[in-house]
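Take a look at the structure below.
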Amino acid sequence: MVDYFEVELSSRNNPNVPLKLPATPYTLLDAMSRLNLEEGETPTWTPYRPDRSNCCYSYDSFAEFDELYTCLAREGSIFELNALIQKVSGMNDRQRTAFAGLLVMESGEYPARIPLPRLIDLAYNTEACEVFNILDDRQLGKSRVESGSIPNMKDLPADMVDLLDFAQVGKSVRTREGGTFVKHTKGHKGGYVVRHNLKRVYEDMDLTPKKPDYEILCKLHPHWTNEQARGKAVCLKLPADQDTVNAALAELHEAGWSRVTWTCLDCRVPSLIEIIDIEENPCTIISLAEELSSISDSQLTIYKALLEDNACKGLKYALDLINILPQYTLSPQLHDPKEVAEAYLGQFLPESELESIQPYLDWSQFGQALICDHDSTLTEYGLIEQKDRPLISGDLKQEESQMGGMDFA
C-alpha cells in the first residue's frame, strides 16, 4: 500500500517547503502559508529526495507501486497530485491491481508519462474493472475453457480439452477483451485486469484548497473491551457543543471519556496533531479547539512560528502561547540571515548605497548577529520578533502583509 509521497514545494519567496502526501486540508493550507505566495502565483513541486545517509525514506520508496512510479507526469498542480495520492492511498488490494492494470493499458508497451488529470480519472475507475487471480496466458486460457465461457469450446470432450494450447487460447482471449496482466509487486498481488466503460471524474472536481468546518478533527475509538462498539469509530469535529460530544460518545456506547481513545486526523495547526494524539485530558483538546477558533489567519501564522520557536511541551503549553500572541510580530518574506540583513539596512539606506556596500559585508553573518541581538528567530514561516525589540519596521511589515497570494475558500 502507498503510505506517502514526499515532494518539495517552491515559490518565488520560499523554494524549499517539504510536504508529505496525502496531505490533510489544514496541512496543505499550512504549506501554502509557508510558501508566502505572491499574487496570482501557484507553487511548483518536485519529488523530494532526502539525504540517504540521514533518512531511510525517499521518493524511491514510492516505486513499490511500479506502474504509477513509471508513468506519473512531473507536472500539474500540487492539488491534483494530492487528490491522486489520497485516492491511491485508500485503495484495497483489488483496487490497486485494477489501477495498475489501467495504467499499463493507458501507457502502452513503452510506458509514457500520463497527465495528472487523466491519472485521477483512472484512479476513480477501479470499480469499472474486472480483476482475476490469473497471471499468464496459460492460466487465462485454461480458466476460460473450464468455465465454458468460450462458446466454441464449451462442449469439447475431455480428451480434446487436454490437447488444447491454453497459452494460445489465453492470448486470443486477452486480445479480444483488451485485458492485461499485472505482475505481483509490493504494492499489490497482481492479476488479470479487464476494463469496461470508464467515467470522467476530474472535470467535475473542485480541488481548490478550502478551510474545513472544524479546528480539530478527531476519530474516537471505544475501549477494546466494549463489545457493542468493537471495530467502530466516530469522527468528531471540534469545537462542538456538549450535545454533539455526548452524541458521539453515545454512538460508541460510552457515557463518558474514561473508556474512549482518540486519534487526531487534522488540526488547524498541523504541528499539534501528534501532541493531541498523546494528550490524556479531552477537556484540554476541546479548550484548544475553542481558542483556535478565535484566532485570525494572520495571528495563526504567528502562532505557528511561535510553536516552532518554542519546543512545545504539551497542549497546556500550546494554550499558554496563545495568550502572548499580541507581543509578537512576523515578517513572512524573510527566511535566511542574508535577507534579514538586507531588509534591515534597506530601512535606512537607498538601494544604490546598498549595492555599493554589497561586496564588503558578510551579509549572512551580519544578519545572524542582528537576529541574536534582537532576540528574534527565523522560522519556516518567516522572522518572528518581539514588538518591544523590533528589527524590521512596522511599515515594511504592513507593506508585506498587503501582498497577494492564493485565495482559499
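The values are calculated or read from the model by the stated rules, or taken from the named source; none is laboratory data. Owing to the predicted nature of the structure, the values given are computational and were not obtained by experimental measurement. When we count neighbours, we look across all protein chains shown, and the Cβ atoms used for this are built from the backbone with ideal geometry, even at glycine.
Structure data summary
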item	result
Residues being in a loop (DSSP other than H, G, I, E, B) and in contact (Cβ under 8 Å) with a residue 24 or more places away in the chain - total across region 299-333	4
Of all residues in region 5-41 being of a type in the set (S, T, Y) and either assigned by TED's automatic domain parsing to the domain that holds P332 or surrounded by 17 or more Cβ atoms within 10 Å (Cβ to Cβ) (or both), the one that is nearest to L378 (Cα to Cα)	S33
Residue match in region 170-192 (condition: surrounded by 11 or more Cβ atoms within 10 Å (Cβ to Cβ), over 22 Å from I120 (Cα atoms) and either within 27 Å of the chain's Cα centre (by Cα) or hydrophobic (A, V, I, L, M, F, W, C) (or both))	yes
Test: residue in region 50-65 that is part of a helix (DSSP H, G or I), under 26 Å from G187 (Cβ atoms) and at pLDDT 90 or above	no
Pairs with Cβ under 6 Å, 6+ apart, first in region 244-271 and more than 30 Å from A311 (Cβ to Cβ), second surrounded by fewer than 15 Cβ atoms within 10 Å (Cβ to Cβ)	H253/Q228; R259/H223
K387 being closer than 26 Å to A31 by Cβ and of a type in the set (D, E, K, R)	no
So D336, is it in contact (Cβ under 8 Å) with a residue 24 or more places away in the chain and among the acidic types (D, E)	yes
Test for E274: is it without any contact (Cβ under 8 Å) to a residue 40 or more places away in the chain and either surrounded by 15 or more Cβ atoms within 10 Å (Cβ to Cβ) or not acidic (D, E) (or both)	no
Residue count for region 1-37, restricted to those that are in contact with a Lys or Arg (Cβ under 6 Å, 6 or more places away or on another chain), among the charged types (D, E, K, R) and either under 20 Å from I302 (Cα atoms) or part of a helix (DSSP H, G or I) (or both)	0
